[in-house]
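The values are calculated or read from the model by the stated rules, or taken from the named source; none is laboratory data. Being a predicted model, the structure only gives us computed values, none of them experimental. Please note: Cβ atoms are built from the backbone with ideal geometry, for glycine as well, and neighbour counts cover all protein chains shown. Accessible surface is based on the protein model in full, side chains and every heavy atom, while ligands, DNA and RNA are left aside. Shrake-Rupley method; radii C 1.70, N 1.55, O 1.52, S 1.80 Å.
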Amino acid sequence: MSTPTASTATAIPALSALETVSAQVAAFNAHDLEAFVATYAEDAVVVGVAAEPIVGRDALRAFYGERLTHPDLRCEIDATTLFGDRWVVARESVIRDGVATETIATFDVRDGVIRRASMLKG
């Protein structure tokens, strides 16, 4: 049996899919817009939170900028499931002004950043 070499060993991503989603939620809850946006790819697509898809970091920054100024806004993840090494499905509660909105969120994470996210609100 041979020992893996640099050319045959699998590269370890900077962050796993679950770590990336956890970092995204932590930044959301800290109301840290730049850290939140940094968890997404430059060309990320987010659907289900606005009437039209949000495409790219600049659009994410514009959409979430005002929202993250609300001091009582937070997200709690109730459960997560990892599919393969890049798909995370989370059952979340997004709470604002004491009102919780149940959400099922899917995240496609590659190379340590969220490429695509889809939110289905209850």
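Listed values, structure above:
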read-out: When residues of the stretch 14-55 are limited to those that are assigned to a helix (DSSP H, G or I), in contact with a helix residue (DSSP H, G or I) (Cβ under 9 Å, 6 or more places away or on another chain) and small (Gly, Ala, Ser), the one surrounded by the fewest Cβ atoms within 10 Å (Cβ to Cβ); value: 30
read-out: Among the residues listed as 106, 101, the single one being assigned to a strand (DSSP E or B), under 17 Å from residue 25 (Cβ atoms), in contact with a Lys or Arg (Cβ under 9 Å, 6 or more places away or on another chain) and modelled with pLDDT under 95; value: 101
read-out: Whichever residue in the stretch 58-71 is open to solvent by 50 Å² or more (accessible area, probe 1.4 Å) and of a type outside the set (Asp, Glu) and, among such residues, is farthest from residue 32 (Cα to Cα); value: 62
read-out: Residues of the stretch 81-93 that turn out to be modelled with pLDDT of 95 or more and crowded, with 16+ Cβ neighbours inside 10 Å, as a count; value: 3
read-out: Pairs, first in contact (Cβ under 8 Å) with a residue 60 or more places away in the chain in the stretch 67-87, second open to solvent by 60 Å² or more (accessible area, probe 1.4 Å) and basic (Lys, Arg), C-beta under 7 Å, six or more apart; value: 86/110
